[in-house]
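Each remark here refers to the structure printed beneath this line.
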């Protein structure tokens, strides 16, 4: 058995100097290969750079704004060797929002690449007097197309000393020292910075590699999820380095490149978060898809319909569990667990209703459908403590809200069956209330996605002019066939388990759903846009109450519907600002 690493700095040093490890390939990126020793030397160069320019009176925080590329890994590990904390910056943030992230997290320095120089400059300009107090911004120009950095950006290769002259800085790093600040999605409000120290990060990655992925020395882990997010940090960097396996890094996730990358790198393991499985399944199917080295895909929040289809098509096992950046709750899956369950929870995890009472045991029918969601679904809560949640950076109010009463409240919904298995039911924002009945979006999405012409479905509530919600669904049709609205309606009329109140009143047909960098659908954007035609360019179809068929939703329909909202005094629910 390999030793359990205490932190990633320790294990990096160990692997780079161990004769059995140092010359083994660790990092694979496109046509490049880096051994453990080469990775360590590159990281030492970044460590020296950061130490040379740090301001001791300020928090030693280094921001990284990059796609997945070796420089991201070297800069992050170099920051660790120097005793600095890394701030993962989300490139989809823009203007004053990105500037806020840099300033709020107290970055002294930022490492970026040419493609993000523009948005970083715009962010500084938008912030005005509130612009971040940065000492340096370095741009990695190697492997990137773009102009030579000028002005406020310094070319990274000029700043780094030659690798043959770098040395281990020898900084003592404790397990409890801060290593990462990882921002949550923050799609409608300022994101929160989740704290992650060295020891817990190493422990989580090593544990996932040994107990979940059952990784062995011959494995190759494929990472296409963004490194600024917890999924790639725990299941990518920490797992691969902790267990000591080869790590194939893709710049970003592209469904059309997935299988070619897996074959090119000999990838046996693939981790994901959100909907990548569904997007990959939307590529043209070929008879030899299963002719690949992949044996295990693992992650969280995959659409239910995609899990079995992906496993069959690519000849691998898929394990979908529960995950959140905060890691306040942990589930352990075992062979033989119900395929849709998260497994059994650690002691103290309960499903609680709004009164903090334990919810009823879930009743599940022969086809796996939840029969009693009104009393069985509740919030997943760790009543024994905060798990591995270390708090939010400079946000004691949000930290206290998550950990009130000495518990950890996930904000996520679930239910538990008679055998103790827990099932994920969605986010707390995914409840709908239609004509007095409460239900979840997730079961409806599963039914809609089972239609052969549907690649992905997102279900959400939009305001009803009278009271409560109406069901709206955004549908992404499969690429290989035109979408037949009549056939889809017939399917809905005969679909087993689809309650009449679950049938969507509105259908939005779109080529792509906007999603976060971690492939989670931005449902709150969909809800804000609703059926407001000045915000939606996609075709919308609807069924008014009493209609037997869907028809195109027109401007005249919208005007009549808005008048009903005005008459009922509910127009404010539409957020027409």
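Sort region 307-442 into rounded, prolate or oblate with this rule: let a ≥ b ≥ c be the square roots of the eigenvalues of the Cα gyration tensor; rounded if a/c is under 1.5, and if a/c is not under 1.5, prolate when a/b is larger than b/c, oblate otherwise. In terms of gyration-tensor shape, oblate.
Enter the angle in degrees (range 0 to 90, nearest 10) between the Cα long axis of helix 485-494 and the first principal axis of the Cα atoms of the chain, meaning the one along which they spread out most. Tilt relative to the chain: about 70 degrees. Label-to-label distance, residue 288 versus residue 374, with points set 7 angstrom from Cα along the beta-carbon direction: 5.6 nm.
Residue ranges 281-293, 59-71 sort as 59-71, 281-293 when ordered by packing (mean number of other C-beta atoms within 10 Å per residue, highest first). Centroid-to-centroid, using Cα positions, region 294-355 and region 42-80 are 34 Å apart. Note on residue 308 and residue 211: their simple-model spin labels are 2.9 nm apart, each label 7 Å out from Cα toward Cβ. For the peptides 335-341, 233-239, the ranking by packing is 233-239, 335-341, with the highest mean count of neighbouring Cβ atoms within 10 Å listed first. What the pair-distance distribution of region 62-179 shows, using all Cα-Cα distances binned every 10 Å from zero, is 13, 45, 33, 9, 0 percent.
Using 0.36 nm times the number of residues separating residue 525 and residue 438, minus their current alpha carbon distance, what extension gain do you get? Could you put the intermediate results ahead of the total?
Details: separation 87, 0.36 × 87 = 31.32 nm, distance 2.17 nm.
Length gained, residue 525 through residue 438: 29.1 nm.
If R0 is taken as 41 Å, the Cβ-Cβ distance between residue 575 and residue 356 corresponds to a FRET efficiency of 0.85. From most to least packed by mean Cβ count within 10 Å, the peptides 479-486, 44-51, 254-261 give 44-51, 254-261, 479-486.
If N is the number of residues in the chain, what value comes out of its Cα radius of gyration divided by 2.2 N^0.38 Å? This ratio for the chain stands at 1.00. For region 437-574, a Kirkwood hydrodynamic radius built from all Cα pairs, placed in the Stokes-Einstein relation at 20 °C and 1.002 mPa s, yields a translational diffusion coefficient of 138 µm²/s.
For the chain, the relative contact order comes to 9 percent (Cα pairs under 8 Å, sequence separation of at least 6).
Projecting label points 7 angstrom from Cα along Cα→Cβ for residue 419 and residue 165 puts them 6.5 nm apart.
To the nearest 0.05, what FRET efficiency results for residue 366 and residue 547 with a Förster distance of 25 Å applied to their C-beta separation? Show your work: numbers first, answer last.
On the way: r = 33 Å, r/R0 = 1.33.
My answer for the efficiency is 0.15.
Dividing the summed helix terms, -39500 (n - 2.57) for each DSSP H run of n ≥ 4, by the number of residues in the chain produces a 222 nm estimate of -8000 deg cm²/dmol to the nearest 500.
How big is the antiparallel share of DSSP beta bridges in the chain, given as a percent to the nearest 5? Walk me through the numbers on the way to the answer.
Numbers: 48 of 87 bridges.
Antiparallel bridges: around 55 percent, rounded to the nearest 5.
Region 271-337: percent of C-alpha pairs farther apart than 16 Å? Please list the in-between numbers first.
On the way: 1085 of 2211 pairs.
Summing the P(r) tail past 16 Å for region 271-337 gives 49 percent.
Applying 1/(1 + (r/R0)^6) with R0 = 45 Å to the Cβ-Cβ distance of residue 6 and residue 481 gives a FRET efficiency near 0.25.
None of the figures in this text is laboratory data; all of them are computed from the coordinates on show. Since the structure is predicted, the reported quantities are computational estimates derived from the model, not experimental observations. No Cβ is skipped: glycine too gets one built from the backbone with ideal geometry, and neighbour counts run over all protein chains shown.
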